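Data first, discussion second: the structure below is written as structure tokens.
The values are calculated or read from the model by the stated rules, or taken from the named source; none is laboratory data. What you are looking at is a predicted structure, and each value in this text was computed from that prediction instead of being measured. Cβ placement follows ideal geometry from the backbone for every residue including glycine, while neighbour counts extend to all protein chains displayed. All accessible areas refer to the heavy atoms of the entire protein, side chains included, with ligands and DNA or RNA removed. Shrake-Rupley method; radii C 1.70, N 1.55, O 1.52, S 1.80 Å.
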Amino acid sequence: MAELKTISGESTYKAAAAVADRVVNIFTQHLDEAIAKGETDLASVPSSQHVEQILDTAFWASLRREEGNSPKISIAFLSPDQAELPLRFEHKLTFSPNVLTKLGPGVERPGVHLGVWYDDDGLYIWGTTHKIPNYCFVLDVSEPGLLVIKHRRANGFGKFTNIVVLIGDQIKVVDEDSRNLPDCPVLLTSLLGFSSVSPNHSVNVLIQIATSMRAHKHGGSLLVVPSKSNAWRESIIHPMKYSIYPAFSGLANLMKQDVKNWSNGVWQGELSREIDSIAGLTAIDGATVITDKHEVLAFGAKISRTEGSPRVERILVTEPIVGGDGVIVNPAMTGGTRHMSAAQFVHDQKDAIALVASQDGIFTIFTWSPCENIVHAHRIDSLLL
């Protein structure tokens, strides 16, 4: 396939030019705030021209195939000197769709970043790295036509913070002001990058479960209920075919271990397996129920209205992107049976939350909003990519 060339320095992927300046402004603001706080190990901000070129090249690479597979690449903008223990190529490689596609199969594993920097001749690929500076510009090529701009969390652990999602010609800029909403759940605040999350923090574990739920692509529901109450059972059809007794505490026990284990590879591997196991249960028809201490109580549970409770007819739906203003809709407008039953569950069990993944990748957190006195559906799939 012939290389797509730019004309007069302009990108052929128009969304790249449309969003480049905004991306630079966001990263510049983050870096300025980090410097003011005395943070160290900080990345360099790419120029608008470099952002545009990286997006343009990555977009066209995403539409190609190598041995029948679309490339899945993580591109990090940093010099080799900013990386820790990098794998450096002897010769610089041209930053082009063709080269990215060829390299794709070798760098598609999680945690591997393709290092991109520049000289007088323009952008080039210098090698790969697992370690990058704080607030480093990262572009994930996730699917054909789907690009996600993100940066590494300041504490270096957990899912990267998404900044912009580009789906074809659609641009979604994450609205960081969403954290200021009166009923913004801490899970959403963390995904926006505004709360400090340690490896075994309960919020970070829920983020990892949500990411794993979305990844298995079967769809699923996870209900998180208070550990000191059995009121949730009033909203479940009995008998429960897949109830668990005593509650399974594999994940809960891991989180009780000494903080010194957080950096231990064996411990992190066990944590990942427990998270994937719980996420896997959500693929079974019905809802998986866990406590806020991460003990598994049931899976395949069927949700029903609590006796005497009205049917939920209206919910508030918001998405944490610029222009994603809240709308009041019928629960049926947000998805299928999973979404409707999750909204009903949270309406009846106001101290619980529900996480719902659709097969098409849409992900929603249902919480009760005491300010609006309504079920609040937070669309967060743009933050989980």
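Report whether or not VAL197 is part of a loop (DSSP other than H, G, I, E, B), at pLDDT below 75 and β-branched (Val, Ile, Thr). Against the criterion (part of a loop (DSSP other than H, G, I, E, B), at pLDDT below 75 and β-branched (Val, Ile, Thr)), VAL197 qualifies. So, of the residues in segment 31-48 that are open to solvent by less than 20 Å² (accessible area, probe 1.4 Å) and in a helix (DSSP H, G or I), which turns out to be modelled with the lowest pLDDT? Checking each candidate, the answer is ALA34.
For segment 242-259, the set of residues classified as open to solvent by 30 Å² or more (accessible area, probe 1.4 Å) and under 18 Å from GLU295 (Cα atoms) consists of TYR242, SER243, ILE244, TYR245, PRO246, ALA247, PHE248, SER249, ASN253, MET255, LYS256, GLN257, listed by residue number. Here LEU114 does not fit the description of being at pLDDT 95 or above, open to solvent by 50 Å² or more (accessible area, probe 1.4 Å) and of a type in the set (A, V, I, L, M).
Considering segment 65-102 alone, what residues qualify as being open to solvent by less than 40 Å² (accessible area, probe 1.4 Å), outside any loop (DSSP other than H, G, I, E, B) and among the hydrophobic types (A, V, I, L, M, F, W, C)? The answer is ILE73, ILE75, ALA76, PHE77, VAL99, LEU100.
Please state which one of LEU78, LEU123, LEU103, LEU85 is touching a His at 6+ places or on another chain (Cβ under 7 Å) and assigned by the TED database to the domain that holds PHE27. One residue alone meets the criteria, LEU123. Annotation: of all residues in segment 136-157 being assigned to a loop (DSSP other than H, G, I, E, B) and open to solvent by less than 30 Å² (accessible area, probe 1.4 Å), the one that is modelled with the lowest pLDDT is ARG153. Flag set for LYS302, criterion: open to solvent by 70 Å² or more (accessible area, probe 1.4 Å) and at pLDDT 95 or above. Could you go through segment 224-233 and let me know if any residue there is assigned to a strand (DSSP E or B), more than 25 Å from the chain's Cα centre (by Cα), hydrophobic (A, V, I, L, M, F, W, C) and buried (at least 16 other Cβ atoms within 10 Å of the Cβ). The answer is no; no qualifying residue exists. Filtering segment 333-353 for residues that are at pLDDT 90 or above, open to solvent by 10 Å² or more (accessible area, probe 1.4 Å), closer than 19 Å to THR211 by Cβ and within 19 Å of the chain's Cα centre (by Cα) leaves a non-empty set. For segment 262-288, the set of residues classified as in contact with a Pro (Cβ under 9 Å, 6 or more places away or on another chain) and either of a type outside the set (Phe, Trp, Tyr) or outside any helix (DSSP H, G or I) (or both) consists of SER263, GLN268, LEU271, listed by residue number. Are any residues in segment 240-280 of a type in the set (Val, Ile, Thr) and farther than 24 Å from LEU222 by Cα, and if so, which ones? Listed by number, the residues that qualify are VAL259, VAL266.
Number of residues in segment 298-309 that are in contact (Cβ under 8 Å) with a residue 24 or more places away in the chain and either in a loop (DSSP other than H, G, I, E, B) or farther than 27 Å from GLY280 by Cα (or both) equals 6.
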